[in-house]
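Scroll down for the structure; my scribbles are underneath it.
The values are calculated or read from the model by the stated rules, or taken from the named source; none is laboratory data. Keep in mind it's a predicted model, so treat the numbers as computed, not measured. So basically every Cβ, Gly included, is an ideal-geometry build from the backbone, and we count neighbours across all protein chains shown. Protein only, heavy atoms only, side chains kept; ligands, DNA and RNA dropped before computing areas. Shrake-Rupley method; radii C 1.70, N 1.55, O 1.52, S 1.80 Å.
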Amino acid sequence: MSTLNPPPGSAEERVAFAALQARLPALFRAVFADPPAPRTVVVVPGLSMDGEVLAKVVGGRHYEERQLAMLMLLKLPNTRIVYASSTPIDPSIIDYHLALLPGVEPEDARRRLVLLAVGDASPESLTRKILDRPRLLARIRNAIDDPALAHLSCFNVTADELTLAVRLGIPLYGCDPALMELGGKSGSRQAFREAGVPLPEGREDLRDAVDVVEALAELKRRQPGLARAVVKLNFGFSGEGNAVFSYTGCPEDVPARWIAAHLPLNLAIEARGLGWERYAEKLDEQGGIVESWIAGEGLRSPSVQMRITPVGELEFISTHDQILGGPSGQIFQACTFPADPAYARRIQSLANRIGAVLKARGVLGRFGVDFISVPHDDGWEHLAIEINLRKGGTTHTYQMLQFLTGGRYDPERAEFVTPTGTTRCYLATDNVTSPAYRRLTAEDLFEIAAQRGLQWDPEQQCGITFGLLGALAECGKLGMVAIDEDLDAARRRFRRAVAVLDEEAARD
């Protein structure tokens, strides 16, 4: 292997990666803060996660389209984007996003956009597909105008993304995979303790099912009234790696042998079709945690999104209230922005303490902190449950609002403020689903939107944007962001859009 391509995982590759990352601070100062400055952003939007669990997400192979929100960067006049995907993206979907660009001719934007597809719809990660195809890798490299003014943007970072950055010769704006444990469930709990942030009772660093049995027994002894506990795979995502254990029938002395015998029977696994035996294998592979099941009337699940910049600044990006679903209400389904003002500033404060811990450990780029919030007579109790060292289900929705309006999130007000001083909120989801929607193509949807007023209005800075459109005809699923002046108006706009789609899809 040539010196330009050091072996993956080798000391030589780490040295090469460190040299690339050392360029980021100067690049950040010179380019990120200067909108007219020339730059190239290489976007590799694949989810380098558990392929088996990801395959159980309806329309999962189209989730690469979520990062099409980054095409909004083409509103910057000298920005070039190289966007890779597993399979070609429908040209009408690209046209739709380019037409949203404020004050930019779509033709001009298209000249600065390079789309490259692998032509491989298999469940293997997009990054791995690219690395396995040196000619495609060369085409991506050749599409970069000036490597000194370029960086790589990925949904999440693993050893493969590190290798890709080295092979392309550009820095990666994301967290070093050597720190990925901090984004696991066990690492999250350790960071919460270090930051002095409350977290649920439980145990981390569990290696296998035997450790899980011991942790479940210990938790029940400490909390005799506990009816359920949560088992989580260290690197599960969107709640799909979670499972709920019921203590129903457990003897008062909580024998570990009773829990061991009932674990396969009493454990409800969130991921569809993932049985106990395979779940136990995943525990062996990646470890996990056990936590108390938090219950309460009016329970909420807010999140805070932040970033650590290449120059070491810790910044707030947004807050959201997550809308969860699935068998036990742990799978991310939708969100509202911003989080409830009753607690938005408080969870920001807690997330900031966690962010300081991550910064001290060398974390770079976007991350999110998820909470469980329980209302009490004297206020809200917030328990931190997870750190995501990556982009998330709220990243692309917020990017659409930010790029379309030119506004920003004001952490002091816990509101999004446009350049004219008005506020904007949204309801967003990637889970607008109906079997009837399979009768519609993306072009049908654009036609319906134009005829029925479901478009983005650049003058009013309100309206609807659509995403995940490749899954529409195949899976009857799409994404939607409903933006308005307040959340009630955004909800009304969202409900009307769904009603229109239902009506149009039912037509003969």
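Things worth noting here:
- The residue that is least open to solvent (accessible area, probe 1.4 Å), among those in segment 267-281 that are in contact with a strand residue (DSSP E or B) (Cβ under 6 Å, 6 or more places away or on another chain) and over 11 Å from A209 (Cα atoms), is E270.
- Among the residues listed as L389, L440, L401, the single one being over 30 Å from E291 (Cα atoms) and either at pLDDT below 95 or in contact with a strand residue (DSSP E or B) (Cβ under 8 Å, 6 or more places away or on another chain) (or both): L401
- Complete set of residues in segment 199-221 that are surrounded by 17 or more Cβ atoms within 10 Å (Cβ to Cβ) and assigned to a helix (DSSP H, G or I): A209, D211, V212, V213, A215, L216, A217, L219, K220
- Consider segment 357-371 and keep the residues that are open to solvent by 10 Å² or more (accessible area, probe 1.4 Å), in contact with a helix residue (DSSP H, G or I) (Cβ under 7 Å, 6 or more places away or on another chain) and assigned to a helix (DSSP H, G or I). The one that is nearest to V43 (Cα to Cα) is R361.
- Of all residues assigned to segment 313-322, at least one qualifies as being open to solvent by 10 Å² or more (accessible area, probe 1.4 Å), acidic (D, E) and in a strand (DSSP E or B).
- Among the residues of segment 255-287, those identified as among the small types (G, A, S) and free of Cβ contacts under 8 Å to residues at least 40 places away in the same chain are A261, G275.
- Residue within segment 26-42 that is farther than 13 Å from S153 by Cβ, hydroxyl-bearing (S, T, Y) and open to solvent by less than 60 Å² (accessible area, probe 1.4 Å) present: no
- Entirely in segment 76-183, the helices (runs of 4 or more DSSP H) that have 1 or more residues that are under 30 Å from I289 (Cβ atoms), open to solvent by 20 Å² or more (accessible area, probe 1.4 Å) and of a type in the set (G, A, S): 159-168
- Selected residue (criterion: farthest from the chain's Cα centre (by Cα)) from residues of segment 426-437 that are closer than 17 Å to E65 by Cβ and of a type outside the set (S, T, Y): V432
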